[in-house]
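Written out below as C-alpha cells is the structure these notes cover.
Quick note: the coordinates plus some simple rules give every number you see, no bench work behind them. It should be emphasised that the depicted structure is a prediction, and the values quoted were computed from it without experimental measurement. With ideal geometry, Cβ positions are generated from the backbone for all residues, glycine too; neighbour counts draw on all protein chains shown.
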Amino acid sequence: MATLELKNINKTYSRTVVPVKDISLTVGDDEFLTLLGPSGCGKSTTLRAIAGLDLPTRGQVLIGDRDVTYTPPGDRNVAMVFQSYALYPHMSVRENVAAGLKLRRLPVGEISDRVQSVAMKLDLEALLDRKPSQLSGGQRQRVALARALVRRPDVFLLDEPLSNLDALLREQVRGELKQIFADQPAPVVYVTHDQTEAMTLSSKVAVLYDGHLQQLDSPERIYSKPANRFVAGFIGSPQMNLLTLKRDGSGAQLGGISIPLPNGAATDSATVTLGIRPEDCVFGNPGSADTEKAVAVSGTVFLNENLGPNLLISLRLDEERTEELITLRSRVPVGSVSVGDEVTLLLPRDRLHWFDAVTGDRLSN
Amino acid sequence: MSSASTSSESGRSPQLWKGIIFGILIVCLVAFCLAPVMWQWLTSVKVNADIETTPNIYFPSRYTLSHYAELFSRRPFWSYLGNSVLVSVLSTLLCLGVGTPAAYAIARLRLPGKSILLGLLLIVSLFPYILLFLGLLEIVSALRVGNNYLALIVPYTAINLPLTILVMRSFFQQLPLDLEDAAKVDGYNTQQILTQILLPLTLPALVTTGILTFIFAWNEFLFALTFMSQETLKTVPVATAQLSGASQFETPYGPMAAATIVGTIPLVLLVLFFQRKIVQGLTAGAVKG
C-alpha cells in the first residue's frame, strides 16, 4: 500500500490566524494515527490538507512517493468519513456507496461485488435500497464508513466520525471501527478531541495544540511519558496533578521535603512543575514511608467525588509546612475517607513527572 | 351522569361552532379570490344575449362553447399560445441556466466585492421594470430585433435573473458544505457536483423560481405589445386585449373571457403539476437530522 507523509505543513489565514504551524509526520501501512487536541488546535485543518479540501500555505503532502500537495481531492485516492456523514440524500444507500467507484469507471460487475461485500461486512445488506432519510444515526454512520471502505483507498481519513452518536452506541462502534481497520492495510488518520477514542483505537497518537505538534508517540508513551506540560494535563482523566514548586539547589520543595530533580535536568528558573497522576498516589503512613521509593505528603481532604469504581479526593496540603496553598487529587477506594479527614499520600518517585515551569518541556529521562 | 352529559355537550358545542365559523370564513375567502375567475368563466359560456342583458344575470340561461370555437376559428389563437409557450419556456430555462451557476458561485466562492454585487442585484430586482421600457425600445429598434422572439426572451430573462440568483443563492447556502467536500473526495469535479449532487437537492428551489419566471413571462403585456407588431408573433395577453368583434360597434366580451380562461389553463396545470415537487422535502436526511 502507501505511506502518508506530511512535511512541514503550514496553514495561514492571516498574520494572526495560523491554525497549523509546521507539522511533519509519517503514517505507514497498518498504522492508525490519531490527531488529538482541543477544538481549534488545527487537527481538522491538517486532515483537510491531507484530503486536499484545503491547500496548505507551505509544506508538502506525500502519498506513497507521490507529491499530492496540489492534487485535487478526487485524484489522491483517499477516502474520508465526515462527522456529519455527508451522505447524498437523493441517492439510495447502494448508489451512495457505489458513487466513488462509478466515477472511476470500474466495471459494473466489480462495483456490485465490492458494494455487496462491504455491505455484508457492515451489516447493511437489508438497507441497500433505502434513502439516507430512512436510516437511523448509527446506520447512516455505517453507510458513510462503507462509502470509504468500498473505495479501497491509499489512505483513510476520519473526521470525528463518532461524535454524532449517543454514548452507548459510540462505545460499540468504536470497537467495530478498531476491528474493521485492523483488517485492512492502508494507513488511517483519525481526528478526535476525545482522548478515550485516541487511546483505544490508535497505534500512534499526535497531540496537537495551538497549531503545533506537541507529541507524536504510541498511546502508552503519551500516557506514561508526556513530552510537556500540555500533554500531561490533556491526557488522562481525572487530570494529572500539576504542582508549581520552588527550586532548592538540585531539588524542589514540597511540603517541607526536598525532592531531587532527575539527573541532568537543565533548568535555570526558580520554579519547576511537578506532575503526578491521581491514580498513582496511594495511602500511606507518614512515619513508615519508604523515602527511597516514595514521597509522603499529608493534608486535609476538602472535596470527595464518587467516580463509581473509586473516589476522587482533593487534598489541601498542611499549611505549616508549605508557604502556598497546594492541592492534590488522588483516586482511592470508595468509602475510605470523608471530607475533613487528615490523610497521608505516598507519591512514588518513579511516577513523578518534571516539567520546566517556563517552557513546559519535560525535564530529562 | 346527567352532569357529565351536559358538560360534554357544552364542551362539544363551542367546538362545533368553531368548525362552522371556520368553514364559513374559508368559503368567503375562496369566493373572494375566485370571483373574478368565476365571472370570466361564466361570461365565456354565456350566449351574447345573456352577456348584454340589463340588469346583469349571473348564471347563463343557456350554456354555449361558441366563444371558444370562435377564438380558434376566427383568430390564429393556437399560434398565440405557441408564441407564449415558446417565449416563456425559453426565458425560464435561460434564467435558470444562467442564474443557477451564478448563484452557486456567489454562495460558495470567495469573490472580491461580493457584497457589492449582491447589493446591486437587490437594487436591480427592486427597480420598476416599466422604467426600463423606453431604453429597451431604443435598443430593440437599434438592434433591429423588433418582431423577433429575442426581443421578449432577453428582457424577460434579464428582469428575472436577480430574483433567481438571490433565491438560489440562499438555497445553496442552506446545503451542508460537508456534502460538497464528500463529493470532492469521492472524485466529482465542480461541474458534476453542481449537476449530480446539488441540482437534485435544489429541485424545489429551481421549480419555485422557474414558476415565478414563467408566470411573469406568460402574463407580461407591455413589452409584448410594443416589440411584437406582427400578428403571427403576438402572445396571448396582447392578442386577448386586441380581440375585435364582428363589427366595430361590438365589444367581444364572450371571446375575451374565453381567451382569458384558455390563457390561464396552462399556468394552472403547470403549478398543479410541479406543486408536488415543491412540497417534497428533498434534503431531509442529508446530514444528521
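Distance between the C-alpha centres of region B:152-198 and region B:205-220: 18 Å, rounded to the whole angstrom. The Cα atoms of region A:157-302 give a gyration tensor whose axes a ≥ b ≥ c have a/c of 1.5 or more with a/b greater than b/c, which makes the shape prolate.
Per residue, the convex hull spanned by the Cα atoms of region A:32-190 amounts to 125 cubic angstrom. Using the average count of surrounding beta-carbon atoms within 10 Å as a protection proxy, the listed peptides B:46-52, A:34-40 rank, highest first, as A:34-40, B:46-52.
All other residues whose Cβ lies under 15 angstrom from that of A:T57 are scored, Lys and Arg at +1 and Asp and Glu at -1, for a net of +4. Magnitude of the charge dipole for the protein assembly as shown, about its Cα centre and with charges confined to Cβ atoms of Lys, Arg (+1) and Asp, Glu (-1), is about 1920 debye. Report note on the peptides B:149-160, B:171-182: ranked by the mean count of other C-beta atoms within 10 Å, highest first, their order is B:149-160, B:171-182. How many angstrom lie between the C-alpha centres of region B:75-106 and region A:1-63? One Cα centre to the other: 48 Å.
The DSSP beta bridges internal to region A:154-260 are antiparallel in roughly 75% of cases. Note on region B:109-205: Rg/Rh from C-alpha atoms, Kirkwood Rh, equals 1.11. What shape does chain B take by its C-alpha gyration tensor, where a ≥ b ≥ c are the square roots of the eigenvalues and a/c under 1.5 counts as rounded, a/b above b/c as prolate, and the rest as oblate? Oblate, since a/c reaches 1.5 and b/c is not below a/b.
With the highest mean first, a sort of the peptides B:35-41, A:114-120 on other beta-carbon atoms found within 10 angstrom per residue produces A:114-120, B:35-41. Where only DSSP H runs of four or more residues are counted, the protein assembly as shown gives -14500 deg cm²/dmol as its mean residue ellipticity at 222 nm, each run worth -39500 (n - 2.57). Cα gyration tensor of region B:188-239, axes a ≥ b ≥ c as square roots of the eigenvalues: rounded (a/c below 1.5), prolate (a/b > b/c) or oblate? Here region B:188-239 falls in the prolate category. With Cα atoms defining each centre, region A:242-265 and region B:37-54 are spaced 106 Å apart in the structure. For region B:3-136, the ratio of Cα radius of gyration to the globular rule of thumb 2.2 N^0.38 Å stands at 1.92.
Overall shape of chain A was characterised from the C-alpha gyration tensor. The equivalent ellipsoid obtained from it has semi-axes of 47, 24, 15 Å, in decreasing order.
Across peptide B:184-194, the average count of Cβ atoms from other chains found within 10 Å of a residue's Cβ is 6. The 3J(HN,Hα) values that the Karplus relation (6.51, -1.76, 1.60; θ = phi - 60°) gives for region B:39-55 are, in residue order, 4, 4, 5, 4, 4, 5, 10, 7, 7, 4, 4, 5, 5, 8, 6, 10, x Hz. Gly and Pro appear as x. Neighbour counts of other Cβ atoms within 10 Å put B:T100, B:T43, A:T300 in the fewest-to-most order A:T300, B:T43, B:T100. Which residue, A:T69, A:T16, A:T344, has the most motion in a Gaussian network model of chain A that connects Cα atoms within less than 10 Å? It is A:T16. The Cα trace of region A:1-112 gives Rg and Dmax of 16.1, 53 Å, the first to one decimal, the second as a whole number.
Which of A:V20, A:V191, A:V173 moves most in a GNM of chain A, Cα contacts under 10 Å? Top of the fluctuation ranking is A:V173. For peptide B:170-182, the mean count of partner chain Cβ atoms within 10 Å of a residue's Cβ comes to 4.
Taking the DSSP beta bridges with both ends in the protein assembly as shown, the antiparallel portion is around 80 percent.
Sparse packing (at most 16 other Cβ atoms within 10 Å of the Cβ) combined with a DSSP loop state is found for the following trypsin sites (Lys or Arg not before Pro) in region B:86-184: B:R110, B:R144. Taking the square roots of 5 times each eigenvalue of the Cα gyration tensor of the protein assembly as shown, largest first, gives ellipsoid semi-axes of 74, 32, 24 Å. For the segment A:76-89, counting C-beta atoms of other chains within 10 Å of every residue's C-beta and taking the mean gives 6. Of all DSSP beta bridges confined to chain A, the antiparallel ones make up roughly 75%. For region B:197-276, the list of GluC sites (Glu not before Pro) that fall in a loop by DSSP and count at most 13 other C-beta atoms within 10 angstrom reads B:E250. Might you report the magnitude of the Cβ-based charge dipole of region A:139-206 about its Cα centre, with Lys and Arg at +1 and Asp and Glu at -1, to the nearest 20 debye? The dipole of region A:139-206 has a size of about 260 debye.
Ordering A:A146, A:I180, A:L158 by the projection of their Cα atoms onto the charge dipole of region A:124-184, which places +1 on the Cβ of Lys and Arg and -1 on the Cβ of Asp and Glu, puts A:A146 at the extreme positive end.
With neighbour counts taken as other beta-carbon atoms within 10 Å, the residues B:L122, A:L312 rank, fewest first, as B:L122, A:L312. Shown here for region B:196-279: chymotrypsin sites (Phe, Trp or Tyr not before Pro) in loop regions (DSSP other than H, G, I, E, B) with at most 16 other Cβ atoms within 10 Å, namely B:F221, B:F249.
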